[in-house]
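One structure is given here, and the rest of the page talks about it.
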Amino acid sequence: MNISYVAENMLRKVTLSIEEVEANDILAEDIFSEYSLLAKKDLVLTERIIALLKLRKVDELSVYLPIDSVRIVHDLSVQRTKDYEDVFAPLMDKKDEVDEYKDTVNNLFMTTLENVVHELRYGQILKSIQDTAYVRGVFEKILEKKQRYELLMRLKEWDEYSFVHSFDVFVLGTIFARYLGLTDIETLATGYLFHDIGKVFIPQEILNLKRKLSEDEFDIVKTHTTKGYELLMGNGEEDIAYLARDHHERFAGKGYPNQLCEDDMCEGVQLLQIIDVYSAMTSKRVYHSGYAATDALAVLYRDRHLYNEKFMHKFVECLGIYPVNSVVQLSDNRSAQVELVYDLFPTLPKVKLLDEQKSMNLPLNYSVKISKMIDYRANSFEEIFNLFIEQLIRCDENSLKVYFDKLIDHLHPKEIILKIFLPAFQILRLLTREIQTDITKYRNSITILKKILDEQLNVLYMDYQHEKTSILVVETSLRDNFFIKLVQSILYIDKIVPFFINPDDDQRITQLMEHCNVNVAYFIEDELTVDKRVRPMREGAFLYYSLVDIEELLISLVGMNMKRFSFEEKMQERLFSLVKT
């Protein structure tokens, strides 16, 4: 149902006091409290939500009511408009002189703040007017130097997302640094605001890609750290330049550009590393809605060996959002594990009391709340994969994609093919053959899996810059085969466009080989019907494979180092090893 359309034709927007609002009323406007979004427009209110809004000191709100509703007579907005007009009419023509530059900076702060602050990702951060005023004061102090403002606008004009992300990191980082009691917060805050300034040197076509970066593209993006450092040093910002250089470093030398270890990084950098990742994962982009806060924190905890884990615990406590599987201490000293985080109010989760082995929702009045993060029990890749398979068998496409997104995070594109799609298909086939899973259900699951694979193929084909062509001689009826699609995906990742052709006649195939400047054509058949696996031709060679050969080849590649492996070379190596045997 389109609420806006209905509102125009059957409903009227009115403002009521919180006491007059009823369950099943529909919000007509977003509800904010101290720059945090509490509830979104078009939300259907429940008794629990109304109670929570009262606790958040929401006095009134706009809802849609039928145009003939008697409750419209209580519309507060009508009387308020008249009152405001009477009071402010004499002042309308008066204008005070203002500092235009300071006003510009303040407007920049407020408009950008509205884009990033949302309770679902900020939790308890900026809940007080004092905190917001503090961050705004730091922002204004930083930009008292107009050259900094000009540098920030350079980033904004080059890439809007990088600017908003930098601002987001500045806000979160400043509050968190203050929460930790770090010294010289203004200097750190300045560094957080400009930590990604090196992005102005990264081509916009790479920054705007809607897929995972290729290795070459990622190598280009990684230069933003050193280029940002050099830019800040050249602008007299020696005190903060190291933050631009080091924010992608990780413990045990796992980051870049200098593979620093823990002892080589100050606390300000270690804080920034966590905030930077959290902000990037939870931020919205044109092609990505952003992780929920709990999911982003779960990813951070999965990679906890790369970060300052003490800071991670403190950041969770600062947010007041505890991811599912967190082991926590409650304010009444009982131990619990977070079982469920509610979308609308993530700071009031459902927990399981560990001593009593029973579940409870934290009370709305915060008489019992989480006081301390003790540990996090992360789901392994295998556990998430099992949940993915479970939803695949159930044909629950929406839940399936949630687990798929978690699985592919940090995986090389080839690993997505070999560690997710290949084993998932094998499991479905095994269930059908050995456990006699319903054939219709199996086909539905395969259809969903192929749909997700096709989506990956479309992204690979549209966004990868292809440098070579490969000739695949495959009957039209086989091209929808799952293993053929996996081969097609890996060739795309290797920047090779697979050209499909039917096995009609040798002359047509060799002409195509000459046209594409390749000396090999790969014949893939359901069952191998030729005596020889290799047939020399004047222009090169015909190499023959069965679908079983392709499946075995793919399985043999699972777990290999993905960085420098050419699939065509692996195909040829596999075939020649078969010929020898």
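Only the coordinates and a few stated rules stand behind these numbers; no lab work does. Quick caveat: nothing in here was measured; it's all calculated off a predicted structure. Cβ atoms come from the backbone with ideal geometry, glycine included; neighbour counts cover every protein chain shown.
Numerical summary
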| quantity | calculated |
| --- | --- |
| Environment charge of Tyr291, counting only residues whose C-beta is closer than 12 Å and scoring Lys/Arg +1, Asp/Glu -1 | +1 |
| Viscosity 1.002 mPa s, 20 °C: Kirkwood-radius Stokes-Einstein D of the chain over Cα pairs, µm²/s | 76 |
| Point-to-point label distance, Ser335-Asp216, nm (Cα→Cβ direction, 7 Å offset) | 5.4 |
| Cα-based radius of gyration of the range 130-283 once divided by 2.2 N^0.38 Å, which approximates compact folds | 0.99 |
| Inter-probe distance in nm under a simple model that places probes 7 Å from Cα toward Cβ, at Arg443 and Asp68 | 5.2 |
| Rel. contact order, % - alpha carbon contacts under 8 angstrom, at least six apart, the chain | 8 |
| Net lengthening on full extension, His466/Asp526 (0.36 nm per residue, minus Cα-Cα) | 18.8 nm |
| Low-density loop positions, GluC sites (Glu not before Pro), the range 120-175 - DSSP coil, at most 16 other Cβ in 10 Å | Glu144 |
| Förster radius 35 Å - calculated FRET efficiency between Glu144 and Leu364 (Cβ-Cβ, nearest 0.05) | 0.20 |
| Mean projected area (nm²) of the alpha-carbon convex hull when the range 311-378 is viewed from all directions | 4.3 |
| Backbone HN-Hα couplings from phi across the range 273-281 [Karplus 6.51/-1.76/1.60, Hz, Gly and Pro as x] | 4, 6, 4, 4, 5, 4, 4, 4, 6 |
| Taking the range 107-290 and dividing mean pair separation by its residue count, relative contact order in percent (alpha carbons under 8 Å, at least six apart) | 19 |
| At R0 = 30 Å, FRET efficiency that the Cβ-Cβ distance of Asp505 and Glu569 yields, to 0.05 | 0.60 |
| DSSP beta bridges in the chain [antiparallel fraction, %, rounded to 5] | 70 |
| Listed peptides 202-213, 320-331 by packing density, highest first (mean Cβ within 10 Å) | 320-331, 202-213 |
| Dipole magnitude of the range 107-290 about its Cα centre (Cβ charges: Lys, Arg +1; Asp, Glu -1), debye to nearest 20 | 600 |
| Ellipticity estimate at 222 nm from DSSP helix runs (n ≥ 4, -39,500 (n - 2.57)) divided over the chain, nearest 500 | -15500 deg cm²/dmol |
| Cα centroid of the range 128-190 to Cα centroid of the range 297-343, whole Å | 26 |
| Computed over the range 381-490: relative contact order in percent, which uses C-alpha pairs under 8 Å that are six or more apart | 27 |
| For the range 470-500 and the range 441-463, distance of Cα centres in Å | 14 |
| Extension reserve of the His410-Arg154 stretch, reckoned as 0.36 nm per residue once the Cα distance is removed | 89.1 nm |
| Alpha-carbon centroids, the range 516-564 and the range 369-431: separation in whole Å | 31 |
| Förster radius 56 Å - calculated FRET efficiency between His305 and Arg538, Cβ distance, rounded to 0.05 | 0.50 |
| Loop-located chymotrypsin sites (Phe, Trp or Tyr not before Pro) in the range 254-302 whose Cβ has at most 11 other Cβ within 10 Å (DSSP) | Tyr287 |
| Size of electric dipole in the chain: Cβ of Lys, Arg +1 and of Asp, Glu -1, about Cα centre, debye, nearest 20 | 1080 |
| Added length on full extension, which subtracts the Cα-Cα distance from 0.36 nm per residue, Leu457 to Met560 | 34.9 nm |
